[in-house]
1. Net charge near Ala3, counting Lys/Arg +1 and Asp/Glu -1 over other residues with Cβ under 13 Å of its Cβ?
2. Please give the Cα centre distance for the range 94-116 versus the range 1-51, rounded to the nearest Å.
3. How much FRET efficiency would the formula 1/(1 + (r/R0)^6) give for Asp91 and Asn2, where r is the Cβ-Cβ distance and R0 is 35 Å, rounded to 0.05?
4. For helix 2-18, report the angle its Cα long axis makes with the longest principal axis of the Cα atoms of the chain; keep it between 0 and 90° and round to the nearest 10°.
5. Longer than 21 Å from Cα to Cα, which of Lys26/Lys116; Lys26/Lys96; Lys26/Lys125 are they? Say none if no pair is.
6. Match the structure shown to one of the listed values [x] 27, 16, 11; [y] 22, 17, 15; [z] 39, 15, 11 of semi-axes √(5λ) of the Cα gyration tensor in Å, computed from it, and give that label.
7. Helix 93-112: angle to the longest alpha-carbon principal axis of the chain, degrees 0 to 90, nearest 10?
8. Answer with one residue from Ala83, Leu10, Ser60: the one whose Cα lies farthest towards the positive end of the charge dipole of the chain, charges on Cβ with Lys, Arg +1 and Asp, Glu -1.
Amino acid sequence: MNANVGLLILRASTGLLMLIAHGWGKLINFSNIAPMFADPIGVGPSISLALAVFAEVFCSVAIIIGLKTRWATVPLIITMIVAVGIVHGSDPWAKKELGIMYMISFLVLFFTGPGKYSVDGIMGKQ
C-alpha cells in the first residue's frame, strides 16, 4: 500500500506542478509566445511550442489521473531532455536542476507505472 500511495503523490504533485507552472501559461498564451519560442530541434517555433504544450498540459493531465501513464511520460521525458540538454545546455547547473528533477520523476513513473490508485490501476492496466 505505501508504494501505491507514494506513486499517487509523485504522479499528482509532479503532474500538477508541470501543468500549472509550465504548461498552462504556454497554452493560454500560445499565439503570443509562438513567434518567439525556442526552436531547439529545427521544426519551427510554433511546432516546438505545440509539442511542449502537448507534453506539459495534456500528458501532465494524463499522469495526474493515471491514464496511460507510461505512454504519457515519454513526451515529458523527451521535453525535459531537450530543455536540459539543448535549450539550457550551456546554462549553469541551477538553471538545469528543475528540468532534471522533473525528468527523474517522469522516469520513475515510466519504470514503475502509476500504481493502483489511478485510472490505469482501476482498469487493471498498470
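Any read-out appearing in this document is the output of simple, stated calculations on the displayed coordinates, not a laboratory observation. Remember, predicted model here, so these are calculated numbers, not experimental data. Cβ atoms come from the backbone with ideal geometry, glycine included; neighbour counts cover every protein chain shown.
1. Result for the neighbourhood of Ala3: +2.
2. Each part's Cα centre sits 13 Å from the other's.
3. So the FRET efficiency works out to roughly 0.40.
4. In the chain, helix 2-18 runs at an angle near 20 degrees to the longest axis.
5. Among Lys26/Lys116; Lys26/Lys96; Lys26/Lys125, the Cα-Cα distance tops 21 Å for Lys26/Lys116; Lys26/Lys125.
6. Here the calculated entry is [x].
7. Its long axis makes an angle of about 40 degrees.
8. Of the options given, the answer is Leu10.
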